[in-house]
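Have a look at the structure below before the remarks.
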Amino acid sequence: MNYFEIAVDEKADSTINDIDDDGKIPNNKYLKPLFHSCAKFLMNPLSHKNRRGKYTFSIRTINSIRDGVRLLLQQTDCLSRSNEIVTKRPVVRKTRKSLLADWYNLMVKANEFKGTSNFNKIEILTLMIFQVTKKAVSFLKIWSIESKEILQQKQDSQKPGQIKESKSSNEDLNNYPLLASPPLAKQRITEINGILYSYLGLIIGRLDLIEHNPIGCDLLETIAHQIILLLRELLFISKTGSDFSSEKPADLDNSLDSLLSLVSDLVSSVKNLVVKTLNESESEKKSNVLPSMGNNADKYYYTQEGGNLIQIASKMIKSIGLTISSIRKLLDITGDFKLNSARSYPDYTKMKIDPEDFIKKCSIGIAKHNKRPDDDDEAAFRRPQTSAAVKNSNRYSMIRSGKTGELSLTSNGANLIHDVLLAGSNDANSPFSVSIPAFEPYTTATAANKSESNSNLSDINNELLVDSNGNLLGASFHGLVYTLTNEDSPPEYFFVSTFFICFRTFANGIDFIEEMISRFDITHNISSNLQGQTRADITAEVQLKKRRRLIVKMFQIWMESYWNHEADYSLLTTLINFFNEGISHFLPIEATKLIEIAAKLSTKPLIENQIQLRNLPRANGYNPQLISRSITITRFKRKNSFSSNTDNSLSNRYSMVDGYELSKINTNSSTTSSLKSISLPMPLGIGNQTSSSNSLLTKNQFQTIEKVNMTYRQILSTSWCPQKYIETSHYINLDISNLLGNWFQVCDQTWVLSNYRPNLLDFNGLELAKQLTSIESNIFCSIKPEELLNENFTAKRAYLRLAPNVRQSLLFTNCLSGYVLESILQPKINQKLRINMIKTWLKVAISCLYLRNFNSLAAIITALQSHLITRLNKIWGDLSDKYIELYEYLSSIIHPEKNYHVYRSKLKNFLISNDYNIPIVPYFSLFLQDLTFVTDGNPNYRKANTFLNQKLINIDKYLKITRIIADIESLQIPYTNSSTTTTSSKELRRSSISFNAKIPNSSTSTNLEMEDYTIVSVPSLQELILLELWKVCQLNKAEEDRAWKLSCTIQPRDVSSSSS
């Protein structure tokens, strides 16, 4: 259908020479998509019916108007403001800007009015669409006139006999070296990808050379212009591929749109930085030639404009990666093809600015601003006298430090600039590469280093200490990195995990980078010509390539899964420069992957006069990683315990209760005799619960809980939750993950309470056990490996807040034990009620055992074993034999005899023979005990078996520590089913665990109902649990030895002594 027929003639094939004498718009075919979309909206604004049955405007139609404007600018070659006609013709630039402004306002309003049916708002959108069409027509008319004049001028300027260019798009390419024939699409995509990443890597890694440096800014503008050329060709390849195929990847258009918007931001940021640099005074550009000293000697602070440019470049790398991936998917559909010969293609290998040449020119620019008029060449190029050791990583590190007006050079930066300038003064045409004298101190190409390299294999054995079975016991840091990157014997998965978890204990990031660069052996070029090489040479080169790939993999693992955003961020520029200027020469594809990963981490550069939030303490130990990797591969090999084909004997194999049955206890026999029972009814009526029951709490109990919670929300105010959850007219549940941090803080504060009594036992004991398990599991699964290193979890290091989740776990356990004591010893209750309290806690404890919640079980039983309770002889005398037996059974599970042998044997099933990811909350304090034992019982260093007896890192100690951490990680399985999104609504309502699995025997072996391991949280009860524990914590703070005083009130000390 042809809308706006008066303006657009479908039959006419308009060209740039069209005139509007007959009333038609010149080049009107460019307007057809836009006019079609606009008219579609105007004919029926309320064309979309939403879920509530109301009619509103179509977002799809609005997006098609957006696409129409983009297509108009693309077909007129005005998509970028750096295009020829936009830069040369101010009137075109002005009308284009006006069109984009109205288009942008329309998009903003449409997003603001999304879902509206209001007539006035629809009328506003209608008027704005009319305005966009008006501006589009005006732009196209002016563009037609101006582009015709430019074309005519070019035709007039051509000499007689000169061949005329057939395509105006080639005009700006004739100034560059061109390829003799069109390239293949896939090959060109790979080339463009590598160059784009190289340029953006230079911007991120070498911006300290660009800022406050006019020569650096000139190079930056050249790089920005070439980036635009590269992206234009990328768009052309994408369009050509789309023309060849009727289908294209769904995310291609979105990735292109995102990339185009970032190009505009890049051009704007480059312009802002250049303008700022040109307007700076000489003192602001000048750097102190002497190396800076102090703690922040090597820190460079970017300007605001520079920081913005780094952020945009980082986003562009990610966007380019997505776009390249989408285009490659498209080419997989269409197949590879040769690009159109009607277009010219620049030879980017000849145009490209090499990083070495870039550094050289920028260094010359910095030197010009540091040279005083009365200095001679010798004074200007004098090498700074520093005590800094020469390192391979210096070649890729920051050259400048400080900030605007206080600039200086880093120690290695001063040496590098001196050597570069000296090399340039001796030979103006000398290449700037790793082979020139400027880089000789940073390479291994010297004779001494060569001899060291030759003897490396024999010397490395002196740096490794192994036992009789070949297990590594100790090593120097150099030896550890050698083991990590040994191409002849690649490291095991567990060793890699151990190294990255623990290496900051005995080294730092720059030490690791230094060793990795040395191992990469950048001075050794692998020859592509095999002729004349011996078999040994070929084997050595194959081995070196394997080692380099292994090094790349280790860099990838470090950045993706073991990155410390606080300690490692300053290393990013060194890494990016090494990837871009070192690895790319040997492994270009792998280098682009590493640059892409590093760019994802480069989102918060150090900016002058700006508070760096990165250096503030992390909330709850949060240190997000790009990819989560398990310490061992055991967990990945396990089956899903929630799957329907789970082994029928699963509940029997991993039962925590050994057939113990509370409702049918035979008090005349041992606990093991109850294994004869085929059915295992659960305590507290759990055996009667159906799998679809909603909750074990009544409606009145829910209302009571919510009322109590709201009362304490008002008391604790914003210390507990945001104000919106306090002032609300209806109760809103709080997320337990966010609530735990606030609970930990208010427990550390002092509040005054009055008229308090424990309330938790007023509710169903099984539901209480379930929610205790859910809270404990949440805390346990949040514990990170770094919290368990270097005794970060101990009380002496608590003030550093390096183990917030461990501290939460310990506090919760202590508060729960204190709550058990308070509930039993509370004043103003009779003897019968105290006995019932003990019975109820025993029922909660056995429920926790069934739920595999050993931590709550230990907290409850430890409280009951306290002398404050056991000394109350009358209470234990009145307790029935059934509960005494239950108490003894539960006590035996966490008894410290033989280092908690009974408990550890149960846990062993989950650590060794467990084939399923079954959730569990272990007795966490024992893990901390084991970690303390290994840490204190093993030295940090060993002595080598050599004549010099040098110290070696005791890696065996760290392997043991990591093994304990790996055990903890393998048990960090939440009590939630990730597949619930695909289950029915009936299953989603399930909030209690089904324990109806029957033990198979000879007579009953079919139709067994599988055990469900999920727990559905009850947020209101969980909040009440935290509040109750907080109250007891405050009572014990306010009154020292409160529990002892209450116990003595019930039974005085002299009575207890006489009874004993």
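The values are calculated or read from the model by the stated rules, or taken from the named source; none is laboratory data. In this text the structure is predicted, and so the values were computed from the model without any measurement. When we count neighbours, we look across all protein chains shown, and the Cβ atoms used for this are built from the backbone with ideal geometry, even at glycine. The area values use the complete protein model at the heavy-atom level, side chains included, leaving out ligands, DNA and RNA. Shrake-Rupley method; radii C 1.70, N 1.55, O 1.52, S 1.80 Å.
What the stretch 716-869 shows is 39 Å² of accessible area per residue, with the surface traced by a 1.4 Å probe over protein heavy atoms. Karplus-derived 3J(HN,Hα) values for the stretch 730-746, using 6.51 cos²θ - 1.76 cosθ + 1.60 with θ = phi - 60°, are 10, 5, 10, 5, 9, 6, 5, 4, 6, 6, 4, x, 5, 4, 4, 6, 5 Hz; glycine and proline are entered as x. Distances between placed amide hydrogens fall under 5 Å for Leu473 paired with Leu465, Val466, Asp467, all partners being 5 or more residues away or on another chain.
Using a Förster distance of 22 Å, how high is the FRET efficiency between Arg60 and Lys239, based on the Cβ-Cβ distance and rounded to 0.05? It comes out at approximately 0.50.
Label 7 Å along Cα→Cβ of Asn175; the stretch 192-218 residues with amide nitrogen under 16 Å? Taking a point 7 Å out along Cα→Cβ of Asn175, the residues of the stretch 192-218 whose backbone N falls under 16 Å are 218. With the whole protein complex present, Cys38 retains an accessible surface near 0 Å², based on a 1.4 Å probe.
For the residues Val806, Val91, a 1.4 Å probe over the protein chains yields an accessible-area ranking, largest first, of Val91, Val806. Amide H contacts for Tyr302 (H built 1.01 Å from N in the peptide plane; partners 5 or more residues away or on another chain; cut-off under 5 Å): Leu606, Ile607, Glu608. Stretching the chain fully between Leu800 and Asn461 yields a gain of 118.1 nm (0.36 nm per residue, less the alpha carbon separation). Taking 56 Å as R0, compute the FRET efficiency from the Cβ-Cβ separation of Phe337 and Gln950 and round it to 0.05. Efficiency, rounded to the nearest 0.05: 0.35.
Accessible area per residue was computed with a 1.4 Å probe on protein heavy atoms; Ile884 scores about 40 Å².
The calculated FRET efficiency for Lys141 paired with Arg549, based on their beta-carbon distance and R0 = 56 Å, is about 0.45. Ordered from largest to smallest accessible area (heavy atoms of protein chains, 1.4 Å probe), the residues Leu219, Leu178 come out as Leu178, Leu219. Pairs from the table (Lys361/Lys545; Lys88/Lys318; Lys40/Lys135) lying more than 22 angstrom apart at Cα are Lys361/Lys545; Lys88/Lys318.
The slack in the chain from Leu42 to Ser630, taken as 0.36 nm per residue of separation less the alpha-carbon distance, amounts to 206.0 nm. The phi-based Karplus calculation (6.51 cos²θ - 1.76 cosθ + 1.60; θ = phi - 60°) puts the 3J(HN,Hα) values of the stretch 545-560 at 5, 4, 5, 4, 5, 5, 4, 4, 5, 5, 4, 4, 4, 4, 6, 7 Hz, whole numbers, x for Gly and Pro.
Close amide H contacts of Lys943 (hydrogens built in the peptide plane, cut-off under 5 Å, sequence separation of 5 or more or a different chain): Leu952. Here the accessible area is traced with a 1.4 Å probe on the protein chains. For the stretch 699-838, carbon and sulfur cover 49 percent of it.
Please label the shape of the stretch 475-520 as rounded, prolate or oblate, based on the square roots a ≥ b ≥ c of the eigenvalues of the alpha-carbon gyration tensor (a/c under 1.5 means rounded; beyond that, a/b larger than b/c means prolate, else oblate). Judged from the Cα gyration tensor, the stretch 475-520 comes out oblate (a/c at least 1.5, b/c at or above a/b).
Might you work out the accessible area of Met128 for me, using a 1.4 Å probe with all protein chains in place, and round it to the nearest 10 Å²? Accessible area, nearest 10 Å²: 40 Å².
Of the peptides 486-493, 957-964, the order by per-residue mean of other Cβ atoms within 10 Å, starting with the highest, comes out as 957-964, 486-493. With θ taken as phi - 60° and the Karplus curve 6.51 cos²θ - 1.76 cosθ + 1.60 applied, the whole-hertz 3J(HN,Hα) list for the stretch 930-937 is 5, 5, 5, 4, 5, 5, 7, x Hz, x standing for glycine and proline. Residue order by solvent-accessible surface for Glu221, Glu84 is Glu221, Glu84, largest first, with ligands and nucleic acids left out and a 1.4 Å probe. Of the cross-linked pairs Lys906/Lys943; Lys546/Lys908; Lys97/Lys121; Lys29/Lys54, those separated by over 29 Å at the C-alpha level are Lys906/Lys943; Lys546/Lys908; Lys29/Lys54.
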